[in-house]
Each structure stands twice: as structure tokens, then as C-alpha cells.
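> Please read through the structure below; I'll follow up with questions.
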Amino acid sequence: MNNKIKLAVAGAVLSAASIANAGIIIPAGEWTLDINGNVNAFASFGKGESNDTNTTVSGGLANYDDASGEDKSYAINTGLLPAWLGFTGTTRQNDVDVSFTISFQPNVSDNSGTGDSMTPLNRQAFVTFGDKSWGSFKLGKDLGVFAGTAILNDMTLLGVGAGGYYSGGATTYGGIGTGYIYPAWRGQVAYTTPNMNGFQATIAITNPDQGTAGSGITPTAANGGYYADRFGIEGQVSYSWTGDVAGKVWASAMNYDRNGGDRTAANGGAGAWGRDDYTTSAYDLGATITSGNLNLVAYYYNAEGAGTTLNALGSDGVYWTSATNAKERDSDGGYLQATYVIPTGTKLGVAYGVSRLDKASGEANSTLLDKNERWTVGAYHPLTKHLNLVAEYNDIQSEAHNGNDADSSSLSLGAILFF
């Protein structure tokens, strides 16, 4: 099974008996091909806050009643993990371990009349080479380094988390925006040290121009999109140990230099504002401990100019005040999670997560998000070695700086199959 799926299984399932340890292995001359992935789908029933006229929260993840007063929603979606088909080839030549990974992610949910409009995701295409004595290099597109370990330890990786009541998205949110910032899938050149008695570190330069319209910035041909003075930098250090009480502690960080773009009617203004430099930076700290059937996870992040949810490169992270003034907003958050495997093999879990966004200095109160909070209670049962049945309840609360608030809850029932 490819490395990211293995990490997801190790971090989120926490029960080796409930998941396959490898994909479909095919020897092919000097190569070994691993065909791997998952298929998952969930039926979700959501209910939003009703009879409240102050529910608008810009950046809020809670659902609420629409203009007609309807407060219920129904969806059949992929969960936080998309359906996945991956191909990993490995070989050893000239005392160097070499591998490649290419993966595709189809979508379950599609709101078009024919069900044919969604485009599959393409999240991985990279090569690695190295040796356990001196480390390894990765070149290509893969999960970002910063916050990557946070999402791989989120129990909703096998379920739904936030956003399950929305139909038509490629995936749900899980704990993204309610405990951690999405690490995204980034073009990168990364070096990882050998494992030194549990210590390991990764440093990467990443694609600096990754982003979409948001927070008053629109990439255009005139400004070259998101200009950047240099590559992005991301890194992580970690220490892992085994024994009756096993665990891992880690810290990661990112830093990007950004240039602004043009303000247009589409994003809240008119006419060109020109460009203004700002910095996106963040760090996090996390720990996971396992003793017997009990697993605990604690995670915290702190960021500047990064926002709270989907785009670590500026979405909601910057307040534009004039043609020459972009002010970064501070944000922070984290999550606590406990899971326990009962004698039937079912993993029971509870998690609390929060993401907070501060106003920039001089910024007035508005519907801008103040915080998103999430409570998740889940049960993940291994029906077979490869197949898990999932039941998950999520409660989401969103608050704005002007006092607006929205609340919603959802129940999701489904299954996830790894191969």
C-alpha cells in the first residue's frame, strides 16, 4: 500500500487487524508493483439551525436553514478520504531504493442531472530515491509537509467530519478548519533524513504559486497570478518510540512570501489596487500516544496570514485596507482526540476541534469568521480485514466577529474498503 495510505491507516485506524497492510502486489522483473487504494461512501443526514436571521458567518463551516426556512439536508458523499486508486512501483538499483507513485481519486457525489460532471482528482505523482543510511529525496506532487501529520492522525479520515451534509463536493472536510489547516497537495522537492533512533526530519521547497481567488486577491494574466519571491519552505521534525506505551511527537512549520493582486468587483471592490507583499507562516505541535487499545492525540497550530481552512496560502488570512496595505490576520487552533478499541474490534472515538481567526489591527467587526468548533463521536467497525463500517455524529458551531452564529449537526452511516 502506498506510503500515504499506510500513514492514514496507521494514524486513523489504530487497529492492524481491521485493515489490509498492503495492496495488490505484482512482481514485474526488477520492479514490484503495488496497486492500492480505497472505496468509501456515506449517507449523511444533516440539520441546521432554524428560525434565526443572524446565521451568516463568512468562512463558517456550520450549515443553517436557507431562505425558505428549510433546515434539513441529505447527501451521499465520499468522506474525508476520496475514493483512491494508486500505483506504486519500487526497486533497488546501484544500492539506491527507487520508487514512483501515481494516484487518481474519483468522486462519489455529483449533483449534475446525469451524474457525470465531477472531474477526478489527481493528487499524487512523485518519485523517491534514497537509502536508509543517508535518507531519501522526493520530487513531485504529494501531501504537504506542514499539518500533514495532523490530518493523518484525524479519526474522521475514515469517516466524514464537517461538511457531510453538503452534496456535490469531491470530499468532506473532516477536521479541516475545525482543528487544523488543510496541508493541500503540493509540488515539492523534499529531503527526509534516515531514522536516527526514532528521530527524523523533513525539509522541502514547495510550489509557491499555489492558490485561488480569496481574501481580496485574484490571480490574473496582468499580475502573473500569485507572485512569489522564492519557493515556499516547509519542514517537520519528529520523534517516535515503541513499547507498551508507544507514541510520536512532532513539530512542523511553513513559510511563504506572497505578493497581492488586483481588487475586482468579483471579490468586493472595483479597480486595480496593485500588489502588496505579505507573509504566510505557521507552526504546529502534536503528539500521539498508544497504550493497549487506547490512543490519544493532541495537536495545536499557530499561523499568520494563513486563514483557517482550505488554503494555507492566504484564504481569509489577509485584510486588504488600501492599494499599499495588506495586513495579515492571526489564527490558531487544534484538536484533542481519544479512541478505544473494544473487544469486538470496534474502535470508538470522540474528538473536539477548534479553529480561530483574529481580526487584523484596525479591522471592524463583520460577518468574518471568529471560530469554528467541532465535536465528533464515531464508531468504526472492522467487518472484514479490509472493510470497515462507520457511524459518525458531528456537531459544528460557527461564530462571526459581529456576533452572528450558526449551528448544525449531522449523522453519517457508511463504509470504507481498503485494498
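Each value in this text was obtained by applying a stated rule to the coordinates, not by laboratory testing. Please read all numbers here as calculations on a predicted model, not as lab measurements. Counting neighbours? That spans all protein chains shown, and the Cβs are built from the backbone with ideal geometry, glycine included.
> Based on the Cβ-Cβ distance of S133 and S112, what FRET efficiency does E = 1/(1 + (r/R0)^6) give at R0 = 45 Å, to the nearest 0.05?
0.30
> Once the other residues with Cβ under 14 Å from the Cβ of R92 are scored (Lys, Arg +1; Asp, Glu -1), what is the net sum?
After counting each charged neighbour, the total is -3.
> Residues of the stretch 293-308 with backbone nitrogen within less than 14 Å of a virtual label 7 Å along the Cα-to-Cβ line of T279, please, listed as ranges.
Only 303-306 fall inside the zone, counting backbone N under 14 Å.
> In nm, to one decimal, how far is the Q93 label point from the V350 one, both placed 7 Å along Cα→Cβ?
Inter-label distance under the simple model: 5.4 nm.
> At each listed q (0.13, 0.16, 0.17, 0.23 Å⁻¹), what is the log10 of I(q)/I(0) that the Debye formula gives for the stretch 333-419 modelled as equal alpha-carbon point scatterers?
-0.57, -0.73, -0.78, -1.08
> Same structure, new question: Quick check: from the Cα gyration tensor, does the stretch 50-191 come out rounded (a/c under 1.5), prolate or oblate?
Prolate.
> Can you put H381, H386 in order, fewest other beta carbons within 10 Å first?
With the fewest neighbours first, H381, H386 line up as H386, H381.
> Set the bar at 29 Å for Cα to Cα. Now go through K138/K327; K72/K371; K47/K347 and name every pair that lies beyond it.
Among K138/K327; K72/K371; K47/K347, the Cα-Cα distance tops 29 Å for K138/K327.
> If you don't mind, another one. At 7 Å along the Cα-to-beta-carbon direction for both Y74 and S361, put a label point, then send me their distance in nm to one decimal.
5.3
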